Amino acid sequence: MKSLPRPAGGDGAGLAATELGSAVHELLEQIDLRAPKSPAPAEIEQDVRSRHPAASDEDLERIGRFVANYCDSKLARRVAQLPEPQTELSFVFEQGEVLLNGFLDVVSLSDGKAFVLDYKTNRIDRELEEIVADDYRIQRLVYALACLRAGYEEVEVAYAFLEQPDAI
């Protein structure tokens with residue numbers, strides 16, 4: 001996914017929260033889900049600065065930590081064992097008069113079951129269950145509906161909060 005670029009200059013002023021999240025997602029899209037391994041810091045810096053020249057050293061450290069947190073998590077080990085995990089699978093469907101479309105960060109589809117994983121780079125300011133219930137309830141429903149409408153009988157939607165990847 002591309003975002004509107006900042007003006008030229010790339011002075012390392014820092015990334016907005018959405019840009020930081022995009023940078024993390026872009027790196028995670030490149031990892032081998034079967035054997036997740038975080039890139040070296042120099043690779044992270046090169047990749048991130050090529051797409052987000054305003055990234056500060058602090059941003060690079062945080063991005064690297066988030067990617068490493070996922071790669072070292074129990075959730076990553078679980079995903080590695082799932083049948084044919086894929087990244088950035090698109091969906092589109094109509095609900096009433098509303099057209100819904102988007103991308104699933106990670107999905108595994110097998111035997112009528114769908115597993116969806118969404119990466120989250122939020123700062124954790126309350127219980128994760130509360131964050132999911134308050135902030136992602138609609139997103140969870142949309143992801144589940146997308147899979148159900150595609151013909152899957154059972155759907156699990158999980159979140160990888162990258163500040164605390166094994167918390168839920």
Practice problem: State whether one or more residues within the stretch 29-46 are modelled with pLDDT of 95 or more, of a type in the set (Val, Ile, Thr) and outside any loop (DSSP other than H, G, I, E, B). | Solution: yes
Exercise. Residues being open to solvent by less than 20 Å² (accessible area, probe 1.4 Å) and farther than 22 Å from Leu82 by Cα: count how many of those fall in the stretch 139-168.
Key: 0
Exercise. Hand me the list of helices (runs of 4 or more DSSP H) wholly inside the stretch 63-168 holding 1 or more residues that are in contact (Cβ under 8 Å) with a residue 60 or more places away in the chain.
Key: 74-81
Quiz prompt | Members of the stretch 107-138 found to be within 12 Å of Gln164 (Cβ to Cβ), surrounded by fewer than 13 Cβ atoms within 10 Å (Cβ to Cβ) and among the β-branched types (Val, Ile, Thr), listed by number | solution = none
Quiz item: Within the stretch 32-43, which residues are surrounded by 12 or more Cβ atoms within 10 Å (Cβ to Cβ) and more than 13 Å from Arg77 (Cα to Cα)?
Solution: Ser38, Pro39, Pro41, Glu43
Exercise. Within the stretch 14-28, count every residue that is out of contact with any helix residue (DSSP H, G or I) (no Cβ under 8 Å at 6 or more places or on another chain), in a loop (DSSP other than H, G, I, E, B) and either within 10 Å of Val67 (Cβ to Cβ) or open to solvent by less than 30 Å² (accessible area, probe 1.4 Å) (or both).
Key: 0
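The values are calculated or read from the model by the stated rules, or taken from the named source; none is laboratory data. Only a predicted model underlies this, so the values are computations on that prediction, with no experimental measurement involved. Ideal geometry is used to build each Cβ from the backbone, glycine not excepted, and the neighbour counts take in all protein chains shown. Quick note on the areas: whole protein, heavy atoms, side chains included, nothing else; ligands and nucleic acids left out. Shrake-Rupley method; radii C 1.70, N 1.55, O 1.52, S 1.80 Å.
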